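Working notes for the structure below.
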Amino acid sequence: MLVDLGVADAVSLTVGDLIHAVRDGGVFVVIAVVPEPPAERGVEVRRVSAQSDGVLLARILADLADGKKKARVGLVLPLTEAAEAHRKSEERSVRGKIVLTV
């Protein structure tokens, strides 16, 4: 199965191999400090970077704890059921976030 968009993060150590899963003309995004793969088959390679903001994160967590913000959780499963969580995500049968617990 080919996808329209691929994202490589710090866990995806074989970035060069992952680009092959993106359809011709798709987009491949690198969000980690790893080498970007060369563009191929019309696949656009982009790098995205971000900085952590502890103050903002603390404010968001406080707002969640105080009930000022809500996170919609649709399904909670143990990590051992990650494959089921993935199936549910692909089916789009869950409204809200799918959370895996350790």
Out of the residues in segment 44-69 that are part of a loop (DSSP other than H, G, I, E, B) and open to solvent by 60 Å² or more (accessible area, probe 1.4 Å), which is nearest to Ala21 (Cα to Cα)? Val48
Selection within segment 21-33 - at pLDDT below 70 and either in contact with a Phe, Trp or Tyr (Cβ under 6 Å, 6 or more places away or on another chain) or open to solvent by less than 30 Å² (accessible area, probe 1.4 Å) (or both): Phe28, Val30, Ala32
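Among Leu13, Leu18, which is modelled with pLDDT under 70 and surrounded by 14 or more Cβ atoms within 10 Å (Cβ to Cβ)? It would help to see each step written out before you state the result.
Details: Leu13 fails: surrounded by 14 or more Cβ atoms within 10 Å (Cβ to Cβ).
The unique qualifying residue is Leu18.
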Segment 59-102: number of residues that are among the hydrophobic types (A, V, I, L, M, F, W, C) and in contact with a helix residue (DSSP H, G or I) (Cβ under 8 Å, 6 or more places away or on another chain): 7
List every residue pair whose Cβ atoms sit under 6 Å apart, with the two residues 6 or more apart in sequence or on different chains, where the first one lies in segment 68-85 and is closer than 13 Å to Thr101 by Cα and the second, anywhere, is open to solvent by 80 Å² or more (accessible area, probe 1.4 Å). Val73/Lys97; Leu79/Val102
How many residues does segment 70-98 hold that are open to solvent by less than 80 Å² (accessible area, probe 1.4 Å) and polar (S, T, N, Q)? 2
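The values are calculated or read from the model by the stated rules, or taken from the named source; none is laboratory data. Source: prediction; values computed, not measured. Virtual Cβ from ideal backbone geometry, glycine too; neighbours counted across all protein chains shown. Heads up: the accessible areas ignore ligands, DNA and RNA and are worked out on the full protein's heavy atoms, side chains in. Shrake-Rupley method; radii C 1.70, N 1.55, O 1.52, S 1.80 Å.
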